[in-house]
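Colleague: Just passing along the structure, written as structure tokens.
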Amino acid sequence: MIARPARDARGTRLRSPPLDAPSRDARARARAMASKISHIPAVVSSPALIAALLSFSIAQIAKVFTHYHATGKVDYSRIVGSGGMPSSHTALVVGLCTSIGLKEGMQSSIFALCLVFSLVVMYDATGVRLHAGRQAEVLNQLIVELPRDHPLTDSRPLRDTLGHTPIQVVVGAILGMSVAYAHFVYWMSTYSL
């Protein structure tokens, strides 16, 4: 059965009672929030995606400074390179996982999926990719020691900064959690009702 609006004795539809001040304030904030982000596509305005990309970007930029601290040389190619301190892939997935955990709850299935995904990425960074980088170092050294007339002496060196040490992964995870938490607090204080 469908509820019908209340009517007075003449059959005129009664108006809703006036909203109390907190309800008016909540609706006003909701309208203000909608006007602020209505022009932004839904994917880009996702707090989880923003936290993940922000974590990744900060980690990539930090690599320039940590490389300078370790070697004394400024190398801007570290902004787009893999490997090094901190792990930007770990920062990305942990930032995503933390943001989803804060928003959806730690008991949600999507958080569990993100957590497993994050653990696989971190394991890969310290396992397979780290050892592939170490093998590239050895192969590069072997190529240097070849005679000059060998066909491989003209080959380009293999990239040896592929993986991460466990401490680089831990720092990336801490960075991802911190950025996601800070972004969540900012998002809630700005856009919550």
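The values are calculated or read from the model by the stated rules, or taken from the named source; none is laboratory data. These figures come from a predicted structure and were not determined experimentally. Backbone-built Cβ (ideal geometry, glycine too); neighbour counts: all protein chains shown. Protein only, heavy atoms only, side chains kept; ligands, DNA and RNA dropped before computing areas. Shrake-Rupley method; radii C 1.70, N 1.55, O 1.52, S 1.80 Å.
Colleague: Looking at the structure I just gave you, is residue 120 open to solvent by 30 Å² or more (accessible area, probe 1.4 Å) and among the aliphatic types (A, V, I, L, M)?
Modeller: Numbers: open to solvent by 30 Å² or more (accessible area, probe 1.4 Å): yes; among the aliphatic types (A, V, I, L, M): yes.
Yes; evaluated as a whole, the condition is true for this residue.
Colleague: If you check 135, 107, which single one turns out to be open to solvent by 60 Å² or more (accessible area, probe 1.4 Å) and not in a helix (DSSP H, G or I)? Break it down into steps so the answer makes sense when it comes.
Modeller: Details: 135 fails: not in a helix (DSSP H, G or I).
Among 135, 107, only 107 is open to solvent by 60 Å² or more (accessible area, probe 1.4 Å) and not in a helix (DSSP H, G or I).
Colleague: Counting only residues that are out of contact with any Lys or Arg (no Cβ under 9 Å at 6 or more places or on another chain), among the hydroxyl-bearing types (Ser, Thr, Tyr) and part of a loop (DSSP other than H, G, I, E, B), how many does segment 72-99 have?
Modeller: Final tally of qualifying residues: 1.
Colleague: Please specify each residue of segment 170-193 satisfying the condition of being farther than 13 Å from residue 99 by Cβ and at pLDDT below 90.
Modeller: Kept after step one, since they are farther than 13 Å from residue 99 by Cβ, are these residues of segment 170-193: 170-175, 189-193.
Matches in segment 170-193: 189, 190, 191, 192, 193.
Colleague: Taking residue 101 and the conditions (1) more than 17 Å from residue 178 (Cα to Cα); (2) open to solvent by less than 70 Å² (accessible area, probe 1.4 Å), which numbered condition does it fall short on, given that it satisfies the others?
Modeller: (1)
Colleague: Regarding segment 135-153, can at least one residue be identified that is among the polar types (S, T, N, Q), touching a Cys at 6+ places or on another chain (Cβ under 8 Å) and modelled with pLDDT of 70 or more?
Modeller: As a first pass, look at segment 135-153 and keep what is among the polar types (S, T, N, Q): 135, 140-141, 153.
Filter once more, keeping what is touching a Cys at 6+ places or on another chain (Cβ under 8 Å): none.
No: zero hits.
Colleague: Same structure, new question: Among the residues of segment 61-71, are any open to solvent by less than 50 Å² (accessible area, probe 1.4 Å), free of Cβ contacts under 8 Å to residues at least 24 places away in the same chain and part of a loop (DSSP other than H, G, I, E, B)?
Modeller: no
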